[in-house]
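To start, the structure itself, in structure tokens.
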Amino acid sequence: MKLKSLFKPSILLSYLIFTQHSFAAQIYQDNEKQLNVDLSSWVGIFNSQENYYPTDQNGSQWAEGFIKYGLSGKINTAADSHIYGAIAGVTSFTRGDGDMAGNSRGTENKSSLENAYIGWKSGNLLPILGENGLDISFGSQVYHLGDGFLVTDDSANLGENRNFEDADSQMVNRGGAYYTAARRSFHKAALIKVGQAEGLKTELAWVQSDNPIHASSEFASLDLSYKIGDHHIGADYIQFLDFNHNQAMRLNPTIFMRDNMQVYSLYGTSNMGIENVKLGFNYSRQEKEKNLTDEYEVIDQKHHDQAWYASAGYHFTQLPWTPTVNYRYTHYSEHWDAMFVGVEKLGTWILGEVAGNFAGPFNSNANIHMIGLEAFPHESLLLGANFYKFESIDTKNQPNYSGKEFDFFAMYQVNDTLSLIPVLSFYKPEKSAKNNGSQIGSDKTNIFAGLIAAITY
């Protein structure tokens with residue numbers, strides 16, 4: 001399979017391509033049953049000239065990666081319906097200095113269960129809903145809400161974080177492989193999906209994380225959407241139900257603001273009847289019952305935060321390399337809770353390879369301009385570039401993460417087994433750590449380079 005066929009409409013699915021299209025070897029099949037072996041792996045080497053945690057070290061060099069392995073299958077039932085399921089483990093590692101923000105020490109190794117779920121699709125058993133119009137599943141699995149602006153996955157993969165004391169560093173450790181995001185599944189997720197890709201679709205979910213940095217948060221959600229052709233409109237609702245108070249107190253006090261927090265969202269995409277145009281937006285609002293003082297004391301104080309984006313893109317189908325250009329403006333209010341953002345496409349919703357992952361802002365207290373460009377010089381080669389301008393809003397009570405970043409990336413499919421993803425970033429903060437920023441030692445331009453090998457067996 002060639003990259004260009006995978007990436008239509010030519011937006012880089014930098015992570016999902018290799019989780020959804022990883023190798024699956026069929027080891028058994030008959031008229032009623034099918035069993036597959038699933039294997040995929042990401043391994044990367046990285047170098048940064050600067051750091052974003054307290055250290056006298058000049059820059060960081062590290063390697064990290066993971067291998068995911070498991071079984072998946074299905075059993076046919078009445079009227080083309082079927083039971084499906086998967087079980088998979090993941091082994092991750094980090095070596096060298098650890099990453100440039102101190103999220104890992106370079107000594108991490110961990111093997112754990114990643115997926116363990118079972119589900120049922122209705123096939124043609126319920127004609128009024130269409131083929132597979134009812135899909136019910138439960139277990140450890142990836143959950144993605146709406147357009148991913150609020151919930152993409154549970155991919156915060158911290159290791160033995162240098163920013164915590166030793167005991168808390170062990171508590172927050174999820175196995176490392178922070179940048180390559182080895183673990184993405186939620187610990188438990190019960191999903192009910194009703195409808196088709198076209199027309200009206202409803203999705204109900206109950207989700208629980210076991211991620212310590214999220215204090216094992218639990219929430220329920222609803223996604224209601226309608227799609228016809230190039231037009232898509234949707235609405236989301238989230239109700240946070242519970243979290244681990246001990247983990248929140250020790251690792252991330254802002255989680256206390258999730259106590260009974262409700263989130264409302266409206267999103268959509270359309271071409272407005274113009275071929276090759278893509279417009280998109282999302283407006284979201286968080287209603288909170290709790291607030292924190294400057295000393296991280298929890299108080300009863302109702303307040304709200306909002307986040308939104310608007311984007312416009314154009315695909316030049318008649319030009320050589322068929323380039324796509326996109327502009328997006330994103331706003332996160334001063335105390336917006338980034339919740340469960342992750343990598344859906346490069347640039348969404350981790351904004352900036354340096355800023356979004358290591359330096360900040362981290363999807364809060366920011367206005368962000370982004371211009372993206374991508375092209376296909378060859379059907380097996382994707383080239384792209386993203387420019388960001390970050391503007392922190394509240395710089396009196398919070399860090400100043402204002403700055404600019406250029407990211408250059410490619411994806412080259414060498415063969416059916418190996419793809420290479422080089423990344424080169426230039427990040428220029430306005431402030432150093434001594435002046436309320438995050439970059440240690442200076443505010444000069446940081447150069448970050450990485451090479452990832454995405455391997456299927």
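Couple of notes before you dig in:
- Taking the listed residues 27, 45, the one that is assigned to a strand (DSSP E or B), more than 26 Å from residue 360 (Cα to Cα) and among the hydrophobic types (A, V, I, L, M, F, W, C) is 27, with no other qualifying.
- Selection status of residue 420, within 18 Å of residue 100 (Cβ to Cβ) and not charged (D, E, K, R): no
- Test for residue 20: is it out of contact with any helix residue (DSSP H, G or I) (no Cβ under 6 Å at 6 or more places or on another chain) and modelled with pLDDT under 95: yes
- Residue within the stretch 428-450 that is surrounded by fewer than 16 Cβ atoms within 10 Å (Cβ to Cβ), among the charged types (D, E, K, R) and under 23 Å from residue 47 (Cβ atoms) present: yes
- Inspection of the stretch 298-309 finds a residue satisfying the criterion of being in contact with a helix residue (DSSP H, G or I) (Cβ under 8 Å, 6 or more places away or on another chain) and not small (Gly, Ala, Ser).
- Qualifying residue in the stretch 240-251 (condition: in contact with a Leu (Cβ under 9 Å, 6 or more places away or on another chain), among the aromatic types (Phe, Trp, Tyr), surrounded by 15 or more Cβ atoms within 10 Å (Cβ to Cβ) and farther than 18 Å from residue 158 by Cβ): no
- Answer residue from the stretch 104-123, given it is on the phi < 0 side of the Ramachandran plot and not in a strand (DSSP E or B) and is surrounded by the fewest Cβ atoms within 10 Å (Cβ to Cβ) among those: 107
- Single condition residue 254 does not satisfy, out of (1) closer than 25 Å to residue 190 by Cβ; (2) polar (S, T, N, Q); (3) surrounded by fewer than 17 Cβ atoms within 10 Å (Cβ to Cβ): (1)
- Tally of residues being of a type in the set (Ser, Thr, Tyr), farther than 30 Å from residue 275 by Cα and touching a residue at least 60 places away in the same chain (Cβ under 8 Å) across the stretch 225-264: 1
- Residue match in the stretch 116-128 (condition: among the polar types (S, T, N, Q) and over 29 Å from residue 208 (Cβ atoms)): yes
- Positions within the stretch 345-360 being touching a Phe, Trp or Tyr at 6+ places or on another chain (Cβ under 7 Å) and modelled with pLDDT under 95, in sequence order: 346, 349
- Just one of the listed residues (358, 390, 406) is buried (at least 21 other Cβ atoms within 10 Å of the Cβ) and part of a strand (DSSP E or B), namely 390.
- Against the conditions (1) surrounded by fewer than 16 Cβ atoms within 10 Å (Cβ to Cβ); (2) out of contact with any Gly (no Cβ under 7 Å at 6 or more places or on another chain); (3) assigned to a strand (DSSP E or B), residue 416 satisfies every one except (3).
- Failed condition for residue 330, given (1) assigned to a strand (DSSP E or B); (2) at pLDDT 95 or above; (3) among the β-branched types (Val, Ile, Thr); (4) surrounded by fewer than 14 Cβ atoms within 10 Å (Cβ to Cβ): (4)
The values are calculated or read from the model by the stated rules, or taken from the named source; none is laboratory data. What you see is a predicted model; the values in this text were computed from it and never measured. Heads up, the Cβs are rebuilt from the backbone with ideal geometry, glycines too, and the neighbour counts pull from every protein chain shown.
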